[in-house]
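Notes for the one structure printed next.
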Amino acid sequence: MRCAGAAPLLGSLPGELDPTEAALLGAHLATCEPCRARLADIEALSGVVRDGLRDEAARRDLSIFADGVMARIPASAWQGAPAGPLERLRAFLRRHRVLAAASALAPALAALALYLYIGRTGGTGPSELSVEVTSEDLAAIVLDTSDGPVILVGDGSEGT
Amino acid sequence: MNFPSVPPSLPMALSDLELVERARGGDPEAFRELVVRHQRRVYAVALGIVKDRDLAWDVSQEAFVRVHQHLAEFREESSFTTWLHRITARVAIDVLRKERPGRRSDVADVPEAVLQEAAPGVLATALGTNPQETMLRHELSARLTEALGELPDLHRAILVLREMDGLSYEELSLRLGIPKGTVMSRLFHARKKMQALLAGYAGIDAPGRGNAR
Ligand SMILES: [Zn+2]
């Protein structure tokens with residue numbers, strides 16, 4: 001094997017070359033100093049590419065990235081999915097930018113209903129729920145459904 | 001030790017698979033957490049391939065949107081990261097193809113001239129045996145995107161996928177739709193060019209000439 005044939009084989013991952021190629025390359029490397037040096041360069045470069053891209057990515061402000069992704073996913077995509085009662089409650093709360101225990105009007109009622117809901121559906125506890133308290137002037141309605149009490153919290157965006 | 005920050009709305013330390021499971025069940029917060037957890041690496045891969053920062057942002061977002069669309073098809077024998085990066089590469093390469101359609105050239109062996117011009121071992125020697133520590137390595141990392149920008153699109157894509165995701169020649173061949181031999185020779189050329197560029201930036205230009213047999 002000559003350098004011209006050996007060069008493209010340099011930097012292969014283990015097991016990636018067929019046995020014949022690997023043997024030929026090994027034999028070539030054993031006697032060819034320049035190709036050993038080329039291999040060393042490839043190995044040296046490897047970390048530089050990875051680190052360079054990671055450093056560059058680390059400098060980019062990605063704080064609004066996830067919001068952008070979520071905005072590109074239609075809300076209906078979350079509604080069709082099969083889900084347990086807890087997931088459905090959580091999804092409902094999310095869709096309405098919500099607030100279960102948040103209502104300024106009925107925080108205690110909402111909290112109690114949430115507690116009952118979790119208790120009846122055998123949820124693993126409040127840590128399962130992601131509840132955001134983000135605004136005021138919300139009206140909470142607690143519906144007693146077959147799944148247990150469900151809190152509906154309006155966000156004022158639907159013509160209330 | 002560094003741990004990625006987890007928003008307080010989700011219990012700590014859910015695995016990717018658990019989050020995928022929840023997202024499939026209709027939980028947007030679980031999906032958002034997957035995005036936050038993986039966004040930086042996805043962006044790094046996208047940036048490496050498309051090189052433009054804004055385009056990399058769009059590619060990364062599109063990759064996550066597609067991941068969401070296909071969540072139901074995700075099979076758990078491959079890791080979520082592998083799958084996500086595969087989709088990212090797909091989107092990024094499609095973008096490249098759209099921008100520069102149909103340039104193909106097959107290279108089998110490396111031309112002797114390329115080997116003659118090279119100064120093998122210079123970069124490795126300059127970077128030393130304890131590469132994580134050197135200033136030079138840090139400097140080169142800082143100019144990496146600039147150097148990547150000098151490579152032809154497909155050379156860059158091959159190099160980045162190989163270095164970031166460790167894709168095999170076979171996978172690269174399938175992914176890029178070019179023969180395995182072409183992948184190998186392009187990868188060699190891409191590396192050679194990167195080495196020359198970085199050596200140039202660092203002022204460690206070729207003290208000697210490489211020899212080819
Ligand atoms: Zn050789």
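The values are calculated or read from the model by the stated rules, or taken from the named source; none is laboratory data. All values reported here derive from a predicted model rather than from experimental measurement. Glycine gets a Cβ as well: all are built from the backbone with ideal geometry, and neighbour counts include every protein chain shown. For accessibility, only protein heavy atoms count, side chains too; no ligands or nucleic acids. Shrake-Rupley method; radii C 1.70, N 1.55, O 1.52, S 1.80 Å.
The distance between label points at residue B:21 and residue A:79 comes to 2.8 nm (points 7 Å beyond Cα on the Cα→Cβ vector). Panel note: contact residues of the stretch B:23-53 (accessible area lowered by at least 50 Å² against the chain on its own; 1.4 Å probe) correspond to B:25, B:26, B:28, B:29, B:32, B:39, B:40, B:43.
Hey, which lysines would be in cross-link range of residue B:51, C-alpha to C-alpha under 23 Å, not counting anything within fewer than 8 residues on its own chain? The qualifying lysines are B:98, B:192, B:193. Which net charge results when you count Lys and Arg as +1 and Asp and Glu as -1 among the other residues whose beta-carbon is under 13 Å from that of residue B:16? Every neighbour counted, the sum reads 0.
Across the stretch B:112-201, the mean sequence separation of Cα contacts (distance under 8 Å, 6 or more residues apart), normalised by length, yields a relative contact order of 33 percent. Projected onto its three principal axes, the C-alpha set of the stretch A:3-59 covers 44, 23, 15 Å, listed from the longest axis down. Label positions at residue B:138 and residue A:71, each projected 7 Å from the Cα along the C-beta direction, are separated by 3.7 nm.
Interface size, chains A and B: roughly 6000 Å² of accessible area buried, both sides included, 1.4 Å probe, rounded to the nearest 100.
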